[in-house]
Structures are given as structure tokens and as C-alpha cells.
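The values are calculated or read from the model by the stated rules, or taken from the named source; none is laboratory data. Remember, predicted model here, so these are calculated numbers, not experimental data. Neighbour counts are summed over all protein chains in view; Cβ atoms, including those assigned to glycine, are modelled from backbone coordinates with ideal geometry. Calculation scope for accessible area: heavy atoms of the full protein, side chains included, ligands and nucleic acids excluded. Shrake-Rupley method; radii C 1.70, N 1.55, O 1.52, S 1.80 Å.
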Amino acid sequence: MSTAPDRLTQLSDLAARWQQVLQAQLSQQASGAPQVQIPDPQSVQHAFEALWRVVLEKPEPMLRAQWDFWLAYAELTQQTLRQFWLGEPPPPAVPDKRFKDELWVNNQVFGFVKQAYLLASRHIQDGVAGVEGLDVHTARQVNFYTRQFVDALAPTNFLATNPTALKATLDSGGENLIQGFSHLLDDLQRNGGRLMPKMTDTTAFTLGANVASTPGKVVFQNALLQLIQYAPSTSQVHQTPLLIVPPWINKFYILDLKPKNSLIKWLVDQGLSVFVISWVNPDARHREMDFADYLQQGVLAALDAIEAATGEKRINAAAYCIGGTLLASTLAWMAAAKDKRYPPSRIKSAAFFTTMLDFREPGELGVFIDEQQLAGLDAYMEEKGYLEGHQMAGVFNLLRENDLIWSFVVNNYLLGREPMPFDLLYWNSDATRMPAAMHRFYLRKMYLENALQAPGGVTLAGVPIDLRAIRTPAYFISAREDHIAPWTSTYVGARLLSGPVRFVLGGSGHIAGIVNPPAANKYCYASNPALPPTAEDWLAGSVAHEGSWWSDWDAWLAPHKGKLVPARTPGAGSLPALEEAPGSYVRARL
């Protein structure tokens, strides 16, 4: 424990750093640098103004909800008094990991604080959700922002009402709070004045060493991508190469974290010649790069490079999230363009990981999609040439605010602890920018207009496309708890394709449901050979299987792999090796 003089020195240093942070923020504001706030405060204001207009016009449901709350609160008070005077046992523990400390159950004061908060939280959210008369988009916004409000006010987020933080303060003589304030200043300085808690020990990971470490070479690059060819781990490989098209929101190595959970390494070990696109982290030079550029300089360029490297014109393809949206758009373009260089047969099979093609129900991401908010983004991107990575990261963090924001506020600032090393959160913190033209097109055409699902609704490189023209065998894997690409929406998109489709539903969420190696023996997956009209009908007729969907996809892929041929060494073909994997594009950080 620090001595008094040491403590004064620490406090003096922290005060000086705090002044530096404030001065930096004032300088940034004075510079007139373009700013955009996500969520847009005006959008939040307009949503709640609409709510209160409806409530004032028809106040009975809200008054009834308030009456129900006060009755429930009176019952809670009586229950607490019976515990105190009569020794009644406390109510059963609530399955909420924010309240893990035993004092939330064993201490009557903290127990009451917890129960009162949960009661108020539930009634506020139920009361807002029960208001009728709002349009669907506004109702979704009101519900989402109400949840953000009640989660921000959880007693666990404040020193005076968090028993774990209070114990740490007493035990350390306040050292945890000094460390916590130091962490806060570190975060503010690192993020340009933005409050984004550090999620993991970033010094614990090095690209190419303990993440993104599967051996390989960069064998091709252009302004938009580097193409990585991975070194074989078997003496023979299947004739047909596999191209992975990752999303350009964050980076490709979500599929190549530690070796034990690397999908890329696992595929190499199955005897596949694996190629992966590593997208550039764009800046103002890429402002005019649009969705068609990602098609032409992305997927099509990779096809030609793989042919040059292996001699194989035909490939299998797999794509993740927005990468899958691009892959499906490419297949539809190939079907419509009638370009002899790129017939649809060049892609023998296509796998889509948590991919949306029909965006009519985008889940909570839809909260951020309307004309007003997109106009603000357009103005910002027009000035900058891109959307900053931290803005996209902030949106995704808000979808899981307790796990990705408030848990780190408590750990880092109240408890004064360093976050634990975690490869997934290291990747999550390694954000990427979005080129202005591409992101504007993607948000408007896909999310706002839902144009991709309509025949001819989207035109790419001068060619109107129709997903129904895709006859390539397709494998769709979605995740039951996905909050970014809801599985019921990905199912609707899968039914748009005209070729044979296998739809599989995995466990967990957008990331853990995909990064699920067979050796982990976690979750399970469901399959149904039929594609009935609704996702509910598909689920009702599905069969559950133990284990990982990776093995299921590998079995489905078997007829498309081709015969065994001698293993291919990256750089030994017509394309020389440019540098070691994972390449330089992926190393560009914000």
C-alpha cells in the first residue's frame, strides 16, 4: 500500500494528466474537425418525443404501469422488512452476472438495492414496450435506448452501491480508485477523448506470433486487398482451392486466432489449399472505393490470382457476415454479366457464415438506420473520406452493453484492475475504417432500402443483379443468439437462392457460434434438409446434432473438393511470395 507522500504524488500526476486531456479535447473542438455521434442525440430526442406524444394522447396504459410498479415496490419493501424482523430467507438469486458478489444476496441493504433496481428496470422497459401507437422503427429505438439508460444506471456501475468495489477500496486504502482513474485517463488519451474502456491486455498479443499465426505468404496485393496463401500441413491437398472472403468490418484473423480455435488452420489440416483476403484498412485515399470495387478488385481479383498461383480456374468459396453479402452479390453479378472471364461455374460451392441477404429485419442494428442518421453519417464521411473504426465499434458494443462496456467500466475504473488477455477481445479492439462510397452504398441499399433481395434492386459495375439467378450449391451457417445477423433473417436470405441450399443453425452468437472448433465440444447445431417458408417451420422440423458445424460443412464440401494432388507451396507458382503472412495490410491500426 502506498504511503501518504506517494499518494499525494500520484494524485498530483493524475491531476496534471486530467488537465492535458481536457486541453486536448478543447483544442479538438476549436479546430472544427468534423464530428459524428453514434447514436445521434437528435435521433434519441425525436424517438422519446414521439413516445411522450403518444403517452399524453392515451395516458391510461402508462398510468396503469406506474400503479403496478408501486404495488410491486410496496411488496418488495414488505418482503425486505420481513427479512429484517422475521428472518425470512432472501429471494432466490437472480441469474444476472452483474450481481455475482455474495453480498447481493446475504446483505440486506445490498439485496434491497439490487431488487429495487431490477424491479424498476423491468417496469420501465415493460412500460415503454407496452405503449401502442408508435411506428415500428421508433418503437425499436425507444426500447433500445431505454435499455441503455437502465443498464447505465445499474448499481454495479457506481462505487457507493457496488459491494465488490467498496471492499476493494477498503482493502487497498483507495489504491484501486487511483489506479482506476489512471486507467480512465489512459483510455481518454488513447482514444482522443472518447470514453472507450480497454477490453484486453493488447501487449499480450502479436500478429503472426500468437494470433494470426498460421504459416503462409502474401502472394498478391492491390489497393484493396492482400491475398494470403497458407502453407500446406499435409503432403497432398485437394485440387480445388478454397477462398475465404472475410468482412472488412474488423479484420480477417477472427478466423485465425490462437491455433486451437483457428478455422483457417483447421481447414489447412483437412488438406485444403486455403486462400484468405486481407482487406486494406482504408483512409481518405480510398474514399471513392464502392461496393463494386470490392467485387471487382476484391473477389474477382482474388479468383484470377488463385488461378495464377495454382493453375486452377475453379474454386470453392466461404464468406463471413458482410463478406457473404459481397460473395452472394458477386455470384449474382457473374450470373447476370455474361462475362466469359467470370462464368458462375468458377465458384463450385459457396458457404455463408452469418450472412444477411434480406435486410427487412436487421435486428437492433436497425435502430441506427434512418434518413436522419444516415444524412449525418454522409456529411461526416464526405468531409473525412471514411467512417472511423471506433464509430462502428461503438455501435457493436452498444448491442451488448453490459458485456462490452459496463463490465469493463467496473473492472478497469472501480476495481482498478487491468483487463485480462483475451484473443477475441484483442481482435474486437482492432477496428477498421469504412470507405465513404462503399459504406454509404451498403447502409442505404442493403439496410435502408433492402434492395439486394429485389430482382434488379442493386446494380454493380453497370449490371443489375438478382440473387435468384444464383444456382451455385450453398451452405448457410447461422447462430441462434446472433445479435448482428439474426438467424431468422439469414434464413429468409438463404431461400432467395435457386440452387441447392443447406441451412444449419449453430449455438451461441455472431462470433462464438462461428469460432467453434470440434475439439472444444461446445454448443451443437441443428439441420433440416428442407427449406420451408418460415424460419419457425424450419426450426420445428430440424434435428439437433452434437459437436461443431465445422465437421458438418467439411462433409458437405467433400464432393466439391476435387481429387488429391501434391501439396502447393505458397510462392512456388506463377505468383511469387511478397511477404510472410499475415501481411502488412492487417497490421495497420487506427
(message) residue 540 - would you say it is without any contact (Cβ under 8 Å) to a residue 12 or more places away in the chain and more than 20 Å from residue 236 (Cα to Cα)?
(response) yes
Counted residues in the stretch 552-590 being closer than 20 Å to residue 241 by Cα, open to solvent by 60 Å² or more (accessible area, probe 1.4 Å) and under 32 Å from the mean Cα position of the chain (by Cα) come to 3
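Any residue at all in the stretch 238-250 that's open to solvent by 50 Å² or more (accessible area, probe 1.4 Å), outside any loop (DSSP other than H, G, I, E, B) and out of contact with any Cys (no Cβ under 9 Å at 6 or more places or on another chain)? Reasoning before the result, please.
Applying the first criterion (open to solvent by 50 Å² or more (accessible area, probe 1.4 Å)) to the stretch 238-250 yields 239.
From what's left, outside any loop (DSSP other than H, G, I, E, B): none.
No: zero hits.
Does residue 354 qualify as being of a type in the set (Ser, Thr, Tyr) and either under 30 Å from residue 557 (Cα atoms) or modelled with pLDDT under 95 (or both)?
Working: of a type in the set (Ser, Thr, Tyr): yes; either under 30 Å from residue 557 (Cα atoms) or modelled with pLDDT under 95 (or both): yes.
Spelling it out, residue 354 is indeed of a type in the set (Ser, Thr, Tyr) and either under 30 Å from residue 557 (Cα atoms) or modelled with pLDDT under 95 (or both).
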When the stretch 328-358 is checked residue by residue, the ones that are assigned to a loop (DSSP other than H, G, I, E, B) and either over 20 Å from the mean Cα position of the chain (by Cα) or of a type outside the set (Asp, Glu) (or both) are 338, 339, 340, 341, 342, 343, 354, 355, 356, 357
So, first residue small (Gly, Ala, Ser) in the stretch 187-206, second residue part of a loop (DSSP other than H, G, I, E, B) and open to solvent by 50 Å² or more (accessible area, probe 1.4 Å), Cβ within less than 7 Å, six or more apart or across chains; the pairs are 204/421
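Take the conditions under 27 Å from the mean Cα position of the chain (by Cα) and touching a residue at least 60 places away in the same chain (Cβ under 8 Å) and apply them to residue 271. Does it pass?
Values: under 27 Å from the mean Cα position of the chain (by Cα): no; touching a residue at least 60 places away in the same chain (Cβ under 8 Å): yes.
Here the answer is no, as residue 271 does not meet what is asked.
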From the option list 361, 382, single residue qualifying as surrounded by fewer than 18 Cβ atoms within 10 Å (Cβ to Cβ) and not in a helix (DSSP H, G or I) is 361
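Evaluate the following for residue 491: is it of a type outside the set (A, V, I, L, M), farther than 18 Å from residue 356 by Cβ and within 27 Å of the chain's Cα centre (by Cα)?
Values: of a type outside the set (A, V, I, L, M): yes; farther than 18 Å from residue 356 by Cβ: no; within 27 Å of the chain's Cα centre (by Cα): yes.
Against the criterion (of a type outside the set (A, V, I, L, M), farther than 18 Å from residue 356 by Cβ and within 27 Å of the chain's Cα centre (by Cα)), residue 491 does not qualify.
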Taking first residues from the stretch 444-458 that are loosely packed, with under 15 Cβ neighbours inside 10 Å and second residues anywhere that are part of a loop (DSSP other than H, G, I, E, B), the pairs with Cβ under 7 Å that are 6 or more apart or on different chains are 455/466; 456/466
Given (1) open to solvent by less than 30 Å² (accessible area, probe 1.4 Å); (2) touching a helix residue (DSSP H, G or I) at 6+ places or on another chain (Cβ under 6 Å); (3) in contact (Cβ under 8 Å) with a residue 12 or more places away in the chain, residue 461 misses just (1)
When residue 391 is run through (1) open to solvent by less than 30 Å² (accessible area, probe 1.4 Å); (2) over 28 Å from residue 492 (Cα atoms); (3) touching a helix residue (DSSP H, G or I) at 6+ places or on another chain (Cβ under 7 Å), the failure sits at (3)
Looking across the stretch 79-104 at residues that are over 28 Å from residue 65 (Cβ atoms) and surrounded by 14 or more Cβ atoms within 10 Å (Cβ to Cβ), the single one that is farthest from the chain's Cα centre (by Cα) is 103
Checked 353, 359, 291 against criteria (touching a strand residue (DSSP E or B) at 6+ places or on another chain (Cβ under 9 Å) and farther than 27 Å from residue 238 by Cβ); the one match is 291
Residue 287: passes all of (1) open to solvent by less than 30 Å² (accessible area, probe 1.4 Å); (2) out of contact with any Leu (no Cβ under 6 Å at 6 or more places or on another chain) but (1)
Scanning the stretch 504-545 for residues that are within 23 Å of the chain's Cα centre (by Cα), of a type in the set (A, V, I, L, M) and open to solvent by 30 Å² or more (accessible area, probe 1.4 Å) gives 511, 512, 520
